[in-house]
1. Of the conditions (1) outside any helix (DSSP H, G or I); (2) modelled with pLDDT under 90, Glu170 satisfies every one except a single condition; which number is it?
2. Looking at segment 100-112, which of its residues are open to solvent by 30 Å² or more (accessible area, probe 1.4 Å) and in a helix (DSSP H, G or I)?
3. Answer yes or no as to whether Thr249 is open to solvent by 60 Å² or more (accessible area, probe 1.4 Å) and not in a helix (DSSP H, G or I).
4. Sort out which residues of segment 184-241 are crowded, with 16+ Cβ neighbours inside 10 Å, hydroxyl-bearing (Ser, Thr, Tyr) and without any contact (Cβ under 8 Å) to a residue 40 or more places away in the chain, and write them in order of number.
5. Picking from Pro17, Pro2, Pro25, which residue would you name as being modelled with pLDDT of 90 or more and in a loop (DSSP other than H, G, I, E, B)?
6. Can you tell me which residue is modelled with the lowest pLDDT among those in segment 254-293 that are open to solvent by 80 Å² or more (accessible area, probe 1.4 Å) and in a strand (DSSP E or B)?
7. Starting from residues that are in a helix (DSSP H, G or I) and not hydrophobic (A, V, I, L, M, F, W, C), keep the ones in segment 31-46 and report whichever is least open to solvent (accessible area, probe 1.4 Å).
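The values are calculated or read from the model by the stated rules, or taken from the named source; none is laboratory data. Model, not experiment: these values are computed from the prediction. Here Cβ is always computed from backbone atoms with ideal geometry, including for glycine, and neighbour counts include all displayed protein chains. Accessible surface areas use protein heavy atoms only, side chains included; no ligands, DNA or RNA. Shrake-Rupley method; radii C 1.70, N 1.55, O 1.52, S 1.80 Å.
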Amino acid sequence: MPEIGILKPVDLRKAWPDEARHFTPWLAKHIDLLGAKLDLKLEQVRAEVTLGDAGRVDIRAQQAGTGAKVVIENQLEESDDSHCLRLLGYAANAEASILVWVARAFTSYHKSILEWLNEADTIHVYAVTVRAYQMGEALAADFHTVIEPPQSQPEAPTPGKKSLSTLYAEFYQPLAARLRRRGVQPVGRGGWRGRWRSFQTGHAGAVYATGLDEGKTQVFLALTGTGHREKYEALLRHREQIDGKVEGTPLWEDGSDSDWESRVILEGEKTVSLTAPEEELEAARQWMVDNMLSLREALQPHLDQVLRAEEANLDEMGGAD
């Protein structure tokens, strides 16, 4: 019977003395090991790539089949704020669909940030620990997944075989990244999913949103919940100023047919299918980005005025009690 050796854990620096000169090139060369652990087939792998305003990423790749952009940040120590900040920069600027952070260990604080990113449903984030072992003169390594998306992206060789949720996710991920760069942040926990995506206004009971309504592109402000019609009517007093700053003609819906929402909407003329060629999808995304920014610029000052006055009144009422 052959002798069975024992793998003994060793310090990562014994396997890779320097993060940039040893670990990053090794990981790029053995990316299949990481991909197998995450159930991601990665291709077009490049190390030490500059991504414009997002900075220099350790490894860039793409997911085979979907073409989704992947960025990988790695370190040989416990997770720290500098690597976390870089990862957030990639999320905000790189239009990546998948982020992977490899480290020796992760603090509970950093894990909570990555879980929050996954909740936004606009990007898929993985946290992975790496281990090194020695058996005799040989060294070995493996990976362990610590954080992963709630639902991993299914691989699909053709668009027609992708699930509807995957098609929506792939459509919205680049769009959300561009809006983040312009200061429009997605709603995390409780945000809209499927054909809609919601973005923060800075006020409770009000969100900006993008949507595909029967294939037509839309961007809109939604005033929701109790008192939404009163908020809408207060905002309506500024309609002339708002309409004058927006390209196109906003549609004002006072919520008379709804007991929970009023809207100010911009709608595109063309329809688009999620299985359309990428050029058509990109045109629809860019329409949403441009018109969301235009609508927000026109609405936000008046929205702040209306809702801050309401919030102040509520505070006064609470103080009176």
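1. (1)
2. Passing the criteria: Ser108, Tyr109, Lys111, Ser112.
3. Judged against the criteria, Thr249 is a match.
4. Residues satisfying the conditions are Ser198, Thr224, Tyr232.
5. Values: Pro2 fails: modelled with pLDDT of 90 or more; Pro25 fails: in a loop (DSSP other than H, G, I, E, B).
It is Pro17.
6. Lys270
7. Initial filter on segment 31-46 (in a helix (DSSP H, G or I)): 31-38.
After this cut, where a residue has to be not hydrophobic (A, V, I, L, M, F, W, C) as well, the list is 32, 35, 37.
Numbers: Asp32: 116, Gly35: 5, Lys37: 103 Å².
This residue is Gly35.
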